[in-house]
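Below: one structure, written as structure tokens.
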Amino acid sequence: MAPALAWLAALMVVPCALVLALAFFRRGIYGGIEYTFTLENFGLVFDPLYAGIFLNSARIAGTATLIAVVIGYAAAYAISAAPRRWQPVFLFFAVLPFWSNYLIRTYAWIVLLNREGLITQLLRWFGYTGEPPSMLYTEGAVIAGLVYNYLPFVILACYAPLSRLNPELAEASRDLGASAATTFRRVVLPLTVPGIAAGAVFVFVLSIGNFVTPALLGGGRFQMIGNLVYDQFLTANDWPFGAALAMALIAIMLLVLTAQALAANRASGHVTQAGGNTDG
Amino acid sequence: MSEPRTLLAIDHVSKNFGRVTAVDGISLDIRENEFFALLGPSGCGKTTLLRMLAGFETPNDGRILLDGRDIAKTPPNKRPVNLMFQSYALFPHMSVRANVSYGLEMERLPAAEIRSRVDAILATTELVPFADRKPEQLSGGQKQRVALARALVKRPRLLLLDEPLGALDKKLRGAMQLELKRLQHEVGITFVIVTHDQEESLVMADRMAVLKDGRLLQCDTPHAIYEHPADRFVADFIGVMNFVPGQAAADGVVATNGARISGKVPATLSPGASAVASVRPERIRLFPSVETANRITGTVDALAYHGLDLQLHVRTPLSPKPFLVRVTADAADRRPVSSGDQVELGWDAADVRIFAE
Amino acid sequence: MAERSPGTRRTLWFVLSLVFAFLYIPIAVLVALSFNEGGLPTAWSGFSLKWYASLAGNSAILSAALNTLIVALVSTAIATLLGTLLAIGIEMRRQYGKALEALIFAPMIIPDIVLAIALLSFFSMLNLTMGLHTIILAHVVFNLAFVCSVVRARLKSFDWSIVEASADLGASALTTFRRVTLPVIAPAVIAGALLAFTLSVDEFIIAFFTAGAGRASTTLPMQIYAMIRFGITPEINALATIVMAVSITALTLSQRLNRGIIGQ
Ligand SMILES: Nc1ncnc2c1ncn2[C@@H]1O[C@H](COP(=O)(O)OP(=O)(O)OP(=O)(O)O)[C@@H](O)[C@H]1O
Ligand SMILES: [Mg+2]
């Protein structure tokens, strides 16, 4: 037990604390670190230029999250409605791609989207003769890549509460005169909010800190926080600012996780309330 | 009969978990070759006491002497004591044979000896046909026998059994009780069995101890405990008992309605103190033909057949709860009663036990 | 759920087919192209294994693959040992604080980029020469957490009384661990190790930051990243197919083992 904890302490806690400390130092003239206390790195985070990148990242991550949750929930719902013995199989195959290499999954989209890629070929096949559409290196490509990469997790997270849902609840709702749509909106959806929240948080957190997908599918044209951190450490050599950005990333992550915990609490309160109503 | 030798002496042993006192100053002697039962309601500290004997818990206070030697510092794997676990704790990845051989392998015995001893115990416990099965392929009763065989094959000085029959259904339980008795007789090992089923301990034990809240209430033969319970709790816990609350007098108890129940009053009870008189259902006679010291008239509330005998619930002015009366089927045939009938009950002063309330 | 109308059922199947198409077409295209003689998506010019053959002759890829194998094997071995012991330690005590829980959970949720730069800062502050060994040190951090969580999940349903039973029958603590505890949790330990191996083989960002300068410690994902940035080459298709086959096999195996545990 002790060696494992020591390992985590030495190679995770200490380095992270170091990054936190770095964020309070000044950048040296030649790229090194000058050990004088300053808050200007955090100030720089709120500089319009960088704040803009934050907002941009949040928008891209938010869009990807929304799309992934809609598709993922639909898929999870369809799986949970399949015959019982097929459900584990479907679930397994839905999650399988998640375990192949991230770079390769992203690369597959380069193959699909590039000017001579599969989609262009398909269009040609249907008789399209114009310029090949430019799909790669767009915001859309980045979002598609993020959705594709994280969708399996959303399916998994949404499936868990859906599969535990007591079918009699939906039947009771129909029995009491609600339509299928109303039943879904008033009974099924509220009871599966925790899964949706878990999936959404996951996609958002991983998307906003991502740097591989923007770099490969955005062609470096769409800077996200991850790329910014990368640049500060490996190109611009401004470690203190990079550290401050990393801490901002962690702060956002903690914020989102807290929000999720609160939402989950509210949702479970909602559930007991709903239970009380059906009794009464 | 020669004076039985003490095998294990538990001497003022206490154990607490934080603020909970699980075992509170218990002293007990367990004799060579006896079948000893620890009985008590759930949470009274039976398992804790047993685990201290096996070496899995260390007493906070007191000594445990095996053959006169203190074993407090001996680790479980060095004690000539084996425990049969409440959950059986069979190794799920080993066959029945491997489970049973395990303990002998730990003693580094020659393979041939291990083989013959394991074969012998598998035969005794009728497990030969299942020797190559895994625990998950066994029924509850079979698992229980494997757990027993695994402990017995080591020929411990003392075998501890924690509710060995708890997981079995009622019928199998009855068969297993006799089986355990027979095995104990056959192997000649001292058994200490934990149970919260009082009937089970009455059937099986040579001697038994009744515990409550970590304390020892009484330790004696089942017959002595049944006939002469030490206090009201034991009287209520072991078997069925009718209680009449009231006040102690010189030669009995004055019930709340003024009626007098005569019986021997213990010296510790001063006159006027609150007390209960009690009598076993099978000691009460219906329409007594001979003179009895105690007599009362009541109304039959309900009847229930229990095979050989008939149980009557009779409402009397003596106590708020109806009296339970056991009548043999023969007696009931001679003089049939039915619900709502007036009946006369009588019992001797010698059958009355009086306790402080 | 048999009472759904045929229309609803058809819609659900349709949704499911679309999602699976979305998930698998990109991968399938990649795999198909890796066997395409011409190597380009423009036309199918016949089945060929030539891109796999050309991979075998690419020394940069081979050395990267060897590096990855070393990193994955060593970090998995260390992480499996430490993670298993940690899991047993925690579950045996049963009383663990929130802080400990967070410490073990953190490596699984910290964004890779943050852990990557943290380790880079740390190693360079210590003036450590970076290379495969630093990648291994880094990979053990998250691998350990994953092994620990897999083994802990198994231990939640572990019957601790068999450990006591073993001691009761005369076994020492070590013998008990070797003959009882380990065999019973072995499927989970192996599943955890396979998971760790897969994660390590696929991990790019942290390796990228902690590999140090020079090509000597380039791992396969780093190599793939470099190739992808360079553009589409048919060789990547073949390499991608192999890497996917390896990790999917390992994962399927791990899943199997875990299923076995649940079935018990
Ligand atoms: N490890 C422990 N930590 C804290 N309290 C404990 C522990 N083990 C037992 N106790 C407490 O000690 C008391 C006696 O427990 P014990 O298990 O000995 O009861 P028992 O007589 O075997 O009950 P049962 O018939 O239900 O098995 C209980 O109040 C129990 O809650
Ligand atoms: Mg118990």
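Results for (1) part of a strand (DSSP E or B); (2) surrounded by 14 or more Cβ atoms within 10 Å (Cβ to Cβ), shown as yes or no for each residue.
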site: B:ALA267; (1), (2): no, no
site: B:ALA275; (1), (2): yes, yes
site: B:VAL290; (1), (2): no, no
site: B:THR297; (1), (2): yes, no
site: B:VAL327; (1), (2): yes, yes
site: B:PRO336; (1), (2): no, no
site: B:GLY340; (1), (2): no, no
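If A:ALA2 passes every condition in (1) more than 23 Å from C:THR134 (Cα to Cα); (2) surrounded by fewer than 11 Cβ atoms within 10 Å (Cβ to Cβ) but one, which one does it miss?
The number of the failed condition is (1).
Quick one: which of C:ALA64, C:ALA60 is assigned to a helix (DSSP H, G or I), out of contact with any Ser or Thr (no Cβ under 7 Å at 6 or more places or on another chain) and away from every other protein chain (no Cβ under 11 Å)? So that I can check it myself, show each step before the final result.
Numbers: C:ALA64 fails: out of contact with any Ser or Thr (no Cβ under 7 Å at 6 or more places or on another chain).
Step by step, each of C:ALA64, C:ALA60 is checked, and only C:ALA60 is assigned to a helix (DSSP H, G or I), out of contact with any Ser or Thr (no Cβ under 7 Å at 6 or more places or on another chain) and away from every other protein chain (no Cβ under 11 Å).
Would the stretch A:113-132 turn up any residue that is closer than 20 Å to C:ASN237 by Cα, acidic (Asp, Glu) and within 13 Å of chain C (Cβ to nearest Cβ)?
There is at least one residue in the stretch A:113-132 that is closer than 20 Å to C:ASN237 by Cα, acidic (Asp, Glu) and within 13 Å of chain C (Cβ to nearest Cβ).
Against the condition within 15 Å of ligand 2 (Cβ to nearest atom), within 14 Å of another protein chain (Cβ to nearest Cβ) and buried (at least 16 other Cβ atoms within 10 Å of the Cβ), how does B:MET94 come out, does it pass? Reasoning before the result, please.
Working: within 15 Å of ligand 2 (Cβ to nearest atom): no; within 14 Å of another protein chain (Cβ to nearest Cβ): yes; buried (at least 16 other Cβ atoms within 10 Å of the Cβ): yes.
Taking the combined requirement at face value, the residue does not satisfy it.
Give the residue, chosen from A:VAL193, A:VAL212, A:VAL187, that is more than 13 Å from chain C (Cβ to nearest Cβ), in contact (Cβ under 8 Å) with a residue 60 or more places away in the chain and over 22 Å from A:ALA259 (Cα atoms).
A:VAL187
If you go through the stretch B:53-72 one residue at a time, do you hit one that is within 13 Å of another protein chain (Cβ to nearest Cβ), within 16 Å of ligand 2 (Cβ to nearest atom) and surrounded by fewer than 19 Cβ atoms within 10 Å (Cβ to Cβ)? Give the steps one after another, and end with the answer.
Within the stretch B:53-72, the first condition is being within 13 Å of another protein chain (Cβ to nearest Cβ), and the residues that meet it are B:53-57.
Now restrict to residues that are within 16 Å of ligand 2 (Cβ to nearest atom): B:53-54, B:56-57.
Next, only the ones that are surrounded by fewer than 19 Cβ atoms within 10 Å (Cβ to Cβ) stay: B:56-57.
The answer is yes, given that some residue of the stretch B:53-72 is within 13 Å of another protein chain (Cβ to nearest Cβ), within 16 Å of ligand 2 (Cβ to nearest atom) and surrounded by fewer than 19 Cβ atoms within 10 Å (Cβ to Cβ).
Report yes if some residue within the stretch B:2-15 is within 14 Å of chain C (Cβ to nearest Cβ) and within 14 Å of ligand 1 (Cβ to nearest atom); otherwise report no. Walk me through how you get there before you give the answer.
Going residue by residue through the stretch B:2-15, those that are within 14 Å of chain C (Cβ to nearest Cβ) are none.
Looking through the stretch B:2-15, none of the residues is within 14 Å of chain C (Cβ to nearest Cβ) and within 14 Å of ligand 1 (Cβ to nearest atom).
Take the residues of the stretch B:232-244 that are open to solvent by less than 50 Å² (accessible area, probe 1.4 Å) and on the phi < 0 side of the Ramachandran plot: which is farthest from ligand 2 (Cβ to nearest atom)?
We begin by selecting, within the stretch B:232-244, every residue open to solvent by less than 50 Å² (accessible area, probe 1.4 Å); these are B:234-235, B:237-239, B:241-244.
Applying the additional criterion that residues be on the phi < 0 side of the Ramachandran plot yields B:234-235, B:237-238, B:241-244.
Working: B:VAL234: 20, B:ALA235: 24, B:PHE237: 16, B:ILE238: 19, B:MET241: 25, B:ASN242: 30, B:PHE243: 28, B:VAL244: 34 Å.
Per the stated criteria, the residue is B:VAL244.
Tell me, yes or no, whether the stretch B:213-225 has at least one residue that is modelled with pLDDT under 85, away from ligand 1 (no atom under 16 Å from the Cβ) and assigned to a loop (DSSP other than H, G, I, E, B).
Applying the first criterion (modelled with pLDDT under 85) to the stretch B:213-225 yields none.
For the stretch B:213-225, residues modelled with pLDDT under 85, away from ligand 1 (no atom under 16 Å from the Cβ) and assigned to a loop (DSSP other than H, G, I, E, B): absent.
Could you check the stretch C:70-173 for helices (runs of 4 or more DSSP H) lying wholly inside it with 1 or more residues that are within 11 Å of chain A (Cβ to nearest Cβ) and either open to solvent by less than 10 Å² (accessible area, probe 1.4 Å) or of a type outside the set (S, T, N, Q) (or both)?
Details: elements: C:98-109, C:112-125, C:132-155, C:161-168.
Correct list: C:98-109, C:112-125, C:132-155.
Looking only at the stretch A:98-123, which residues are over 16 Å from A:LEU151 (Cβ atoms), under 26 Å from the mean Cα position of the chain (by Cα) and hydroxyl-bearing (Ser, Thr, Tyr)?
Correct list: A:TYR107 only.
Assuming B:SER27 fulfils every condition listed in (1) within 13 Å of ligand 1 (Cβ to nearest atom); (2) surrounded by fewer than 18 Cβ atoms within 10 Å (Cβ to Cβ); (3) under 19 Å from the mean Cα position of the chain (by Cα) apart from one, which condition is it?
(1)
Could you list, in sequence order, the residues of the stretch B:149-176 that are within 30 Å of B:ILE71 (Cα to Cα) and assigned to a helix (DSSP H, G or I)? Give the derivation first.
Restricting attention to the stretch B:149-176, the residues satisfying the condition of being within 30 Å of B:ILE71 (Cα to Cα) are B:149-166.
The answer is B:ALA149, B:ARG150, B:ALA151, B:LEU152.
Out of the stretch A:133-152, which residues are more than 12 Å from chain C (Cβ to nearest Cβ), in contact (Cβ under 8 Å) with a residue 60 or more places away in the chain and not small (Gly, Ala, Ser)? Full working, then the answer.
So the first thing to find is which residues in the stretch A:133-152 are more than 12 Å from chain C (Cβ to nearest Cβ), and the list is A:133-135, A:137-143, A:146.
After this cut, where a residue has to be in contact (Cβ under 8 Å) with a residue 60 or more places away in the chain as well, the list is A:137-139, A:141-143, A:146.
Correct list: A:TYR137, A:THR138, A:GLU139, A:VAL142, A:ILE143, A:LEU146.
Would you pick out the residues in the stretch B:194-231 that are of a type in the set (Asp, Glu) and within 15 Å of ligand 2 (Cβ to nearest atom)?
Let us first name the residues in the stretch B:194-231 that are of a type in the set (Asp, Glu), namely B:197, B:199-200, B:206, B:213, B:220, B:227, B:231.
B:ASP197, B:GLU200, B:ASP213, listed by residue number.
The values are calculated or read from the model by the stated rules, or taken from the named source; none is laboratory data. Quick caveat, the model's predicted, so the values are computed rather than measured. Here Cβ is always computed from backbone atoms with ideal geometry, including for glycine, and neighbour counts include all displayed protein chains. Surface accessibility is based on the protein's heavy atoms, side chains included, excluding ligands, DNA and RNA. Shrake-Rupley method; radii C 1.70, N 1.55, O 1.52, S 1.80 Å.
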